[in-house]
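Here the structure is laid out as structure tokens; the discussion comes afterwards.
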Amino acid sequence: MSRLQGKYILITGASQGLGRQLAIDFAREDAAGISIVARNVELLNEVRNTINEIAPLTQVLVMSADLTKHEDIERVVATTLSEFNGHLDVLVNNASSIGPSPMPYLLDYPLEDFRDVINTNLIAPFLLIKKALPAMIENGGSIINVTSDAGVNGYPGWGAYGISKFGIEGMSQTWAAELEDSGVRVNWVDPGDMNTLMHRMAEPDEDPTEWANPADVTEVFVYLASDESRHVNGQRFQAQEENWGRELEAPALV
């Protein structure tokens, strides 16, 4: 239960759902510090209180931010690095916007909503990686982007969200290739159907009890945040599949 001992981690979209559970489970693995970011500071404070109860030695930094704003992204990274003495080992780009609910077809999609989704789901991860990289390259680290099956198949009505996840898939592959020899690895995870507020908004007519609890899909994220995965780069994982959809190779012996 100490796989993340000494690790400093930044998680976006950490106030609820998957991001909240990741913060809690990373703390259980003895992460040294976790910066949790979302718009709702009250929910973030509740996450911090939970972590303080289960892992009192983990430093928790709470930051309310709107990731559609460039200045907020700069503040998030600068403050995280300042509070963690320049260290950042793991960046989890989890924050996401579903857009209008019920989700309209592209023909009827409002332009401002489209821009907001793309800014939150694709532009923000790009900028966060770009801003965090100098600190991560110094000591190596792990970038984990959250994707979706809607980023592999185009579904009617999933509009800007699906398009943003197609972008995340391609951007993750490009970052991984460009950082191949840098000591920073980039992987991306499809957590599958989860019982979260965003998913319930996206599919209000479905039965959310048939979807996974976020607590059931975090193990692959712990693996990718830990040194166990230091040899893994440029891979797509499916959190609810056996072996996470991958036959993982053991690192070469040297």
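The values are calculated or read from the model by the stated rules, or taken from the named source; none is laboratory data. A quick note: this is a predicted structure, and the numbers were derived from the prediction, not measured. When we count neighbours, we look across all protein chains shown, and the Cβ atoms used for this are built from the backbone with ideal geometry, even at glycine. Surface areas here come from the heavy atoms of the whole protein model, side chains and all, with no ligands, DNA or RNA. Shrake-Rupley method; radii C 1.70, N 1.55, O 1.52, S 1.80 Å.
Brief remarks follow.
- Extension gain for Glu71 to Asn85 (0.36 nm times residue separation, less C-alpha to C-alpha distance): 2.9 nm.
- Contact order for segment 29-94, expressed relative to its length and based on alpha carbon pairs under 8 Å spaced 6+ residues apart, stands at 32 percent.
- What the phi angles of segment 223-233 give under the Karplus curve with 6.51, -1.76 and 1.60, with θ = phi - 60°, is a coupling list of 4, 6, 7, 8, 5, 4, 9, 5, 9, 9, 8 Hz, glycine and proline written as x.
- Over all other residues within a Cβ to Cβ distance under 11 Å of Val62, the charged ones net out to -2, with Lys and Arg as +1 and Asp and Glu as -1.
- For Thr218, no residue 5 or more places off, or on another chain, has a built amide H under 5 Å of its own.
- Helix-only CD estimate at 222 nm, as mean residue ellipticity for the chain, using -39500 (n - 2.57) per DSSP H run (n ≥ 4): -12000 deg cm²/dmol
- Gyration tensor verdict on segment 36-85 (Cα atoms; rounded if a/c is under 1.5, prolate if a/b is larger than b/c, oblate otherwise): oblate
- Sparse-neighbourhood loop sites, GluC sites (Glu not before Pro) in segment 111-186 - DSSP loop, at most 16 other Cβ within 10 angstrom: Glu180
- Tensor-based shape of the chain (alpha-carbon gyration tensor, a/c under 1.5 rounded, otherwise prolate or oblate): rounded
- Other-chain or far-sequence residues with amide H under 5 Å of Val60's (modelled H): Ile34
- Residue-count net charge about Glu29 - beta-carbon cut-off 15 Å; Lys, Arg +1, Asp, Glu -1: -3
- A Förster radius of 41 Å, combined with the Cβ-Cβ distance separating Glu53 from Asn139, puts the computed FRET efficiency at roughly 0.85.
- Per residue value of the accessible surface for the chain (all protein chains in place, 1.4 Å probe), Å²: 47
- In the chain, Cα pairs under 8 Å separated by at least six residues give a relative contact order of 18 percent.
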